[in-house]
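The values are calculated or read from the model by the stated rules, or taken from the named source; none is laboratory data. Just so it is clear, the model here is predicted, and its values are computed rather than measured. Cβ atoms come from the backbone with ideal geometry, glycine included; neighbour counts cover every protein chain shown. Remember, those area values only see protein heavy atoms, side chains included, never the ligands or the DNA or RNA. Shrake-Rupley method; radii C 1.70, N 1.55, O 1.52, S 1.80 Å.
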Amino acid sequence: MEHIDVAVIGGGQSGLATAHALLRRGLRPVVLEASDRTAGSWPRYYDSLTLFSPARYSALPGMPFPGADRDRYPHRDEVVAYLTAYADRLDAEIRTGCRVSAVRRTGGAFEVELEGGGRLSVRAVVAASGTFGRPHRPALPGLDEFAGEVLHAAEYRSPAPFAGRRVVVVGAGNSAVQIAAELAKTARVTLATRGPVKFATQRLLGRDLHFWLTRTGLDTAPLGRLLPRPPAQPVLDDGRYRAALAAGQPGRRPVFTGADGGKLVWPDGEREEVDAIVLATGYRPDLPYLAPLHGALDADGNPRHREGLAIGVPGLAFVGLEWQRNLSSNSLRGVGRDAEWIARRLAAYLVRR
């Protein structure tokens, strides 16, 4: 069996930032990426996706985001190219096509099992596999009985297949609003939410919101430990999405209360024929391989941790969780800080061992 110091599970932005931080500590991590490329979930996001943070605030440690205009909002494909280039420059062993099926405790170390039968003996593990593999599908009334098409935002690519159709988008976050507004240009769309959509102004006094978050320290404030659950973040808007909702493109209604075949039942009793429902309802940490580690996950499959260090499982850590330590923990701009924090503590742990 092969023996290594640190296994980083996931080769997206969180795994790459973690590998960079571990290398700075003199460790030699091995990054295990299930897919055939090191760009995380970014290649699978919808075609029109753009970042809500400017290029200057969208880089991992050690490599600025390329391009002369550092105040532009990069497109999905730019992020994919950036992460690919970052991995190429990183002096770490990255093994693509290596899906981890289970992590077990074996004495004072871990045994990492790979699909296909491979095994690794590992002194420490960082789970950095993100959330894209576990789309959240809430138990909405009537959803199981609805006869039309139901898909998650993880499966949505472009508005072309929905042209001329009646579509309901469920959700009130950035992706929900962006997808609904895009679809509304070629389809009849309703944004179904539990309450009014909350917006945050993209630019204040001529500066992007991320400038102010950085300047005031809110972006790095250690709020994660104080929050019993992550709060819903408002939709960042330069005015276009508020205007679209005000114009009814898309319209907005409270979430439906049931379904009858291909019809949805709205709270006011109206029954309406609908072709498709898009669930822009977020994701949950994708960590099934940690199930054999007693106490690593709670009953819902979510990590038990304090600021990324596993509770009761020494040598196990997480990077890239929402609100892991602060507002920016699971973003390009903030994941490097959390990765550095975790790397320091894992290095100290390995020295003690």
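Filter the range 41-95 down to the residues that are part of a helix (DSSP H, G or I), over 16 Å from the mean Cα position of the chain (by Cα) and either over 29 Å from G206 (Cα atoms) or of a type outside the set (K, R) (or both) and list them by number.
Kept after step one, since they are part of a helix (DSSP H, G or I), are these residues of the range 41-95: 42-44, 55-57, 76-89.
If we keep only those that are over 16 Å from the mean Cα position of the chain (by Cα) too, we end up with 55-57, 77-78, 81-82, 84-89.
Answer for the range 41-95, where residues must be part of a helix (DSSP H, G or I), over 16 Å from the mean Cα position of the chain (by Cα) and either over 29 Å from G206 (Cα atoms) or of a type outside the set (K, R) (or both): A55, Y57, D77, E78, A81, Y82, T84, A85, Y86, A87, D88, R89.
Check S121, S101, S129, S158 and return the single one that is among the polar types (S, T, N, Q) and surrounded by 20 or more Cβ atoms within 10 Å (Cβ to Cβ).
Details: S121 fails: surrounded by 20 or more Cβ atoms within 10 Å (Cβ to Cβ); S101 fails: surrounded by 20 or more Cβ atoms within 10 Å (Cβ to Cβ); S158 fails: surrounded by 20 or more Cβ atoms within 10 Å (Cβ to Cβ).
Selected residue: S129, the only one of S121, S101, S129, S158 that is among the polar types (S, T, N, Q) and surrounded by 20 or more Cβ atoms within 10 Å (Cβ to Cβ).
Go through the range 303-332 and give me each residue that's within 15 Å of P222 (Cβ to Cβ), touching a residue at least 60 places away in the same chain (Cβ under 8 Å) and part of a strand (DSSP E or B).
Of everything in the range 303-332, just one residue is within 15 Å of P222 (Cβ to Cβ), touching a residue at least 60 places away in the same chain (Cβ under 8 Å) and part of a strand (DSSP E or B), namely R306.
Can you run down the residue pairs with Cβ atoms below 6 Å, 6 or more apart or on separate chains, where the first is in the range 157-179 and farther than 26 Å from A200 by Cα and the partner is open to solvent by 30 Å² or more (accessible area, probe 1.4 Å) and charged (D, E, K, R)?
Short answer, once both residue conditions are applied: R165/D275; R166/R188; R166/D275.
Before we move on, is L227 modelled with pLDDT under 95 and surrounded by fewer than 18 Cβ atoms within 10 Å (Cβ to Cβ)?
Values: modelled with pLDDT under 95: yes; surrounded by fewer than 18 Cβ atoms within 10 Å (Cβ to Cβ): yes.
So L227 passes the test.
Checking the structure you have, find out if any residue of the range 127-138 is of a type in the set (G, A, S), assigned to a strand (DSSP E or B) and at pLDDT 95 or above.
Going residue by residue through the range 127-138, those that are of a type in the set (G, A, S) are 127-130, 133.
Checking the rest, the ones that are also assigned to a strand (DSSP E or B) come to 127.
When the remaining residues are screened for being at pLDDT 95 or above, the result is 127.
Yes, the range 127-138 contains a residue that is of a type in the set (G, A, S), assigned to a strand (DSSP E or B) and at pLDDT 95 or above.
For the range 96-133, enumerate the residues that are under 13 Å from L316 (Cα atoms) and under 24 Å from the mean Cα position of the chain (by Cα).
Of everything in the range 96-133, those that are under 13 Å from L316 (Cα atoms) and under 24 Å from the mean Cα position of the chain (by Cα) turn out to be V103, V112, A124, V125, V126, A127, A128.
For the range 68-89, which positions are farther than 20 Å from L236 by Cβ and open to solvent by 50 Å² or more (accessible area, probe 1.4 Å)?
Selection gives A68, D77, A81, D88, R89.
Which ones in the range 267-280 are touching a Gly at 6+ places or on another chain (Cβ under 9 Å), part of a loop (DSSP other than H, G, I, E, B) and either over 13 Å from R188 (Cβ atoms) or modelled with pLDDT under 95 (or both)?
A280
Of all the residues that make up the range 172-197, how many are within 20 Å of the chain's Cα centre (by Cα) and open to solvent by 10 Å² or more (accessible area, probe 1.4 Å)?
Of the residues in the range 172-197, the ones within 20 Å of the chain's Cα centre (by Cα) are 172-180.
Within this subset, residues satisfying the condition of being open to solvent by 10 Å² or more (accessible area, probe 1.4 Å) are 172-175, 178.
Summing the residues that are within 20 Å of the chain's Cα centre (by Cα) and open to solvent by 10 Å² or more (accessible area, probe 1.4 Å) in the range 172-197 gives 5.
So, of the residues in the range 316-335 that are open to solvent by 10 Å² or more (accessible area, probe 1.4 Å) and of a type in the set (G, A, S), which turns out to be farthest from D286 (Cα to Cα)?
In this case the residue turns out to be S331.
Taking the condition of being on the phi > 0 side of the Ramachandran plot and buried (at least 20 other Cβ atoms within 10 Å of the Cβ), how many residues in the range 283-304 meet it?
Looking only at that region, the number is 0.
Are any residues in the range 22-36 open to solvent by less than 30 Å² (accessible area, probe 1.4 Å), of a type outside the set (D, E, K, R) and under 20 Å from the mean Cα position of the chain (by Cα), and if so, which ones? Please lay out each step first, then the result.
Going through the range 22-36, the residues open to solvent by less than 30 Å² (accessible area, probe 1.4 Å) turn out to be 22, 27, 29-33.
When the remaining residues are screened for being of a type outside the set (D, E, K, R), the result is 22, 27, 29-32.
Answer for the range 22-36, where residues must be open to solvent by less than 30 Å² (accessible area, probe 1.4 Å), of a type outside the set (D, E, K, R) and under 20 Å from the mean Cα position of the chain (by Cα): V31, L32.
Would you check if there is a residue in the range 43-59 being in contact (Cβ under 8 Å) with a residue 60 or more places away in the chain, open to solvent by 20 Å² or more (accessible area, probe 1.4 Å) and either over 25 Å from G282 (Cβ atoms) or among the polar types (S, T, N, Q) (or both)?
The answer is yes; a qualifying residue exists.
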